[in-house]
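Reading through the structure tokens given below for one structure.
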Amino acid sequence: MKSHPQFAVIGRVNKGKSSIVSTLAEDDSVQIESAAGTTKVCQEFPIRIDGRTVITLIDTPGFQQAPRALAWLNAHQVSAADRRAVVQQFLTTFKNSDDFVDECRLLQPIMDGAGILYVVDGARPFRRNYEAEMEILRWTGQPRMALINYIGETDFSGEWKQALDQYFSVVRQFNAQKVSFEDRILLLQAFRELHEDWREPVEQSIQFLQDEWQRRQRFAAHRIAEMLVEELTYYHELTLEPYEKVEDYRSDLEVKFHEHLRKREQKARSDIEKIYQHVLINKQEKEIAKPIFNQDLFAESTWDMLGLSAVQLLGLGAVGGAVAGGALDAVVGGSSFMAGAITGALLGAGSVFYFSTNRFASIEAIGSYLQGKNIVRIGPHKNKNFPWILLDRALLHYFSVRDWAHSRRETLVLQNDSGYVGDLRQSTKRELTQIFSTLTKKAGKNTQEAQIRLGEIIGELLLHDSKKLNEAYQKD
Ligand SMILES: Nc1nc2c(ncn2[C@@H]2O[C@H](COP(=O)(O)OP(=O)(O)OP(=O)(O)O)[C@@H](O)[C@H]2O)c(=O)[nH]1
Ligand SMILES: [Mg+2]
């Protein structure tokens, strides 16, 4: 037996074996297809922590001819005591032939000492013809557990469980595409019970995984805080010759500035995807695309979403000059009360030179040099909504990525109907408002302290289950 436990994932073709391997090993490279017979040879996928393999999962081809194989075994059995030997004899007989190719391949790792994870599809009814493969697995004498996966919405787990209980010491439900971290830990705890020799190494793996999970959370919180600081402090300055006008550069400056902010958000997202081992394995293949949130950071719809109502945002502090803002609606053209109020708030703060729309940063003249040269600056982005939108998008992205099973290969889309920040505790909102405002003013200065505190607050938010976050952070 190897120094760490090995589990062969076994079952009939197209039942989600590779999906379970991919989810458990957090590996996007495992081949998963809707067509039967995708996995042709056994392949090992380690669960690695800190460069060390703690458990190996073996993806295997599916059973194709179990009843015929069982008939062969029965014909060669002398007594129940020699069943394992007969399976070995089956391997020796057919290993180099064209017969029972898949059965030989899938049985080999089991006979080499791997435990069995037998996968069935609980969305389809149980049929007696599954008994042959279960019986063969029993003949191997290896520790074995059954997993009821669901490739669909229907639930036949009741009848499956009755049958599986006859052949497997542990039977669990495990949805390859919808498991949480806790589900994975529960599964490992079940592995621990399968074999005395595996108890300690599996126990250790569970501990490693839990530590790793916390590490990821800390790193992600820090990365989000860093992104917010980058975004809220970024500005760009330009020195104009006396004969040049801001208008000569305006659209170029605005485009580049906002593009820069988009890229920084995107970079933070891809770093977080990496922390959770979601990597794009093939950029050409659309089906294996990594999570992509299509909404543009500065799209109007983005600024309308996430439950950030005008009232909530105004409650967050963007009220200075709100009255003047109301009057400015006509000037800005077609803007809502909120847009007007926020523009007003900016005006109240003074020195606003040009407006585009409220979701874009404006260019300001900040002084003049000798010889009539002028300096203009775009950024930092002063809109009070901006940090909240960034934070909300970051939280949505984080929870989606963290909870996204590696076996899911469709494109992850941002659910834009429910945000988190609107429901944060009033005290948390207040502290964040203060940090955001400090940061916006501190462009170019030392922001380390604010970033650390921001990381701590975000770390708290990330600890929660995404669904429970709203409940946990209800208003005071
Ligand atoms: N909805 C849903 N689909 C799943 C789930 N598990 C697997 N599938 C789908 O079922 C199909 C087969 O999945 P695989 O993981 O390739 O199955 P397999 O048993 O390895 O198949 P072979 O290698 O061909 O024997 C794929 O289209 C998967 O996306 C699940 O939990 N939910
Ligand atoms: Mg497969």
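Return the whole-Å distance between the Cα centroid of segment 46-104 and the Cα centroid of segment 432-467. Here the two parts' Cα centres lie 55 Å apart.
Note on LYS263 and LEU238: their simple-model spin labels are 1.7 nm apart, each label 7 Å out from Cα toward Cβ. Restricting segment 14-56 to trypsin sites (Lys or Arg not before Pro) that sit in a DSSP loop and have at most 16 other Cβ atoms within 10 Å of their own Cβ leaves LYS40. Counting charges near HIS260 (Lys, Arg +1; Asp, Glu -1) among other residues having Cβ under 13 Å from its Cβ returns a value of -1.
Anything over 31 Å Cα to Cα? Flag those among LYS263/LYS445; LYS373/LYS445; LYS15/LYS267; LYS95/LYS274; LYS95/LYS161, in the order listed.
LYS15/LYS267; LYS95/LYS274; LYS95/LYS161
Rounded to two decimals, what ratio of Rg to Rh does segment 6-194 give with C-alpha atoms and a Kirkwood Rh? Result: Rg/Rh = 0.95. Neighbours of ASN14, meaning other residues whose beta-carbon lies under 12 angstrom from its beta-carbon, give a summed charge of +2 when Lys and Arg score +1 and Asp and Glu score -1.
Order by neighbour count: TYR118, TYR167, fewest other Cβ atoms within 10 Å first, most last.
With the fewest neighbours first, TYR118, TYR167 line up as TYR167, TYR118.
Each 5 Å bin from 0 upward holds the following percent of the Cα-Cα pairs of segment 170-263: 2, 10, 12, 11, 10, 7, 7, 7, 6, 6, 6, 5, 4, 3, 2, 1, 0.
Protection proxy ranking, highest mean first, for peptides 89-98, 268-277: 268-277, 89-98, where packing is the per-residue count of other beta-carbon atoms within 10 Å, averaged.
What ranking do LEU461, LEU70 get, fewest neighbouring Cβ atoms within 10 angstrom at the top? Write down the numbers at each step before the final one.
Values: LEU461 22, LEU70 19.
Least crowded to most crowded, the residues run LEU70, LEU461.
Summing Lys and Arg as +1 and Asp and Glu as -1 over all other residues whose Cβ lies under 14 Å from the Cβ of ARG192 gives a net charge of -2. When VAL30, VAL246 are arranged by Cβ crowding within 10 Å, least crowded first, meaning fewest neighbours, the order is VAL246, VAL30.
Annotation for GLU193 and GLU410: the two label points, set 7 Å from Cα along the Cα-Cβ direction, are 3.4 nm apart. Site pair ASP248 and SER427 shows an inter-label distance of 5.5 nm when each label is modelled 7 Å from Cα along Cα→Cβ.
All of the numbers you see were taken from the coordinates with simple rules; none came from a lab. All values reported here derive from a predicted model rather than from experimental measurement. Heads up, the Cβs are rebuilt from the backbone with ideal geometry, glycines too, and the neighbour counts pull from every protein chain shown.
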